[in-house]
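One structure is given below, encoded as structure tokens.
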Amino acid sequence: MSIKKAVVALALALPLGALAENQEQLTTKYTSLAGSQESASSLVTGLRDGKEVTLTKEGSTETFTPPTKKMGFGEVDNALALAEGSLKQQGITNPTPAQLEAALMGGPITKADGTTVEMKSILGMRADGQGWGQIAHSLGFKGMGDVKRADKATPPTPPTAAQGATKPEKPAKPERPGKNR
């Protein structure tokens, strides 16, 4: 088997989520988390290149430089998925720039109920050499699989019989020619 065929076979065998995403895909994926396409682009680029990140939303701006060195697209995706997941654990689905920065860099966040929670530094743990699974575990997830599955839509639950669900009628079996009954 040629190398080219082996690479194609391997790529086809991998689950779709295992294929590396690119700058544009990650920016699109995390625009909602970051609050705008510009902030998502700054976030992905800053994490990818190990340079300053600027997050802006509704007149609020936060700027930080990640403690990690350059990161691959898969690592950027892991960091942002962990940040999003840890914020969701606190009931935050539409974070401010300060809350998103705290999820990535560590620091306090104020939840909707007014309580303050100290967030662990995802990027700090990574810069200290921890693996993504270790970081996920320290944030209360079973592993990265939990985090990655959490961002997928949950399929709707079919209605039960008590909710008025009815079974579809079974189609009649067609008669087979040449068979006597």
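The loop-placed trypsin sites (Lys or Arg not before Pro) in the range 19-61, going by DSSP, that have at most 15 neighbouring Cβ atoms within 10 Å of their Cβ come out as Lys51. Counting other Cβ atoms within 10 Å as a rough exposure proxy, the listed residues Thr63, Thr31, Thr93 run Thr93, Thr63, Thr31 from fewest neighbours to most. The charge dipole of the range 21-151, taken about the Cα centre with unit charges on the Cβ atoms of Lys, Arg (+1) and Asp, Glu (-1), comes to about 300 debye, rounded to the nearest 20. With unit charges on the beta carbons (Lys and Arg positive, Asp and Glu negative) and the dipole taken about the Cα centre of the range 21-151, which residue among Gln37, Gln23, Ala81 sits farthest to the positive side? The listed residue farthest towards the positive side: Ala81. In this structure, the pairs whose alpha-carbon distance is over 22 Å, taken from Lys111/Lys142; Lys29/Lys70; Lys70/Lys111, are Lys111/Lys142; Lys70/Lys111. Based only on Cα atoms, what mean projected area does the convex hull of the range 21-151 have, in nm²? Dividing the Cα hull surface by four gives the mean projection, 7.0 nm².
Here the Karplus curve 6.51 cos²θ - 1.76 cosθ + 1.60, taken at θ = phi - 60°, turns the phi angles of the range 126-139 into couplings of 5, 5, 7, x, 6, x, 4, x, 4, 5, 4, 4, 5, 8 Hz, with x standing for Gly and Pro.
Bear in mind that the values in this text are calculations on the coordinates, not laboratory data. Worth saying up front: this structure is predicted, and the values here are computed from it rather than measured. Because the Cβ atoms are built from the backbone with ideal geometry, glycine has one as well, and the counts that use them run over all protein chains shown.
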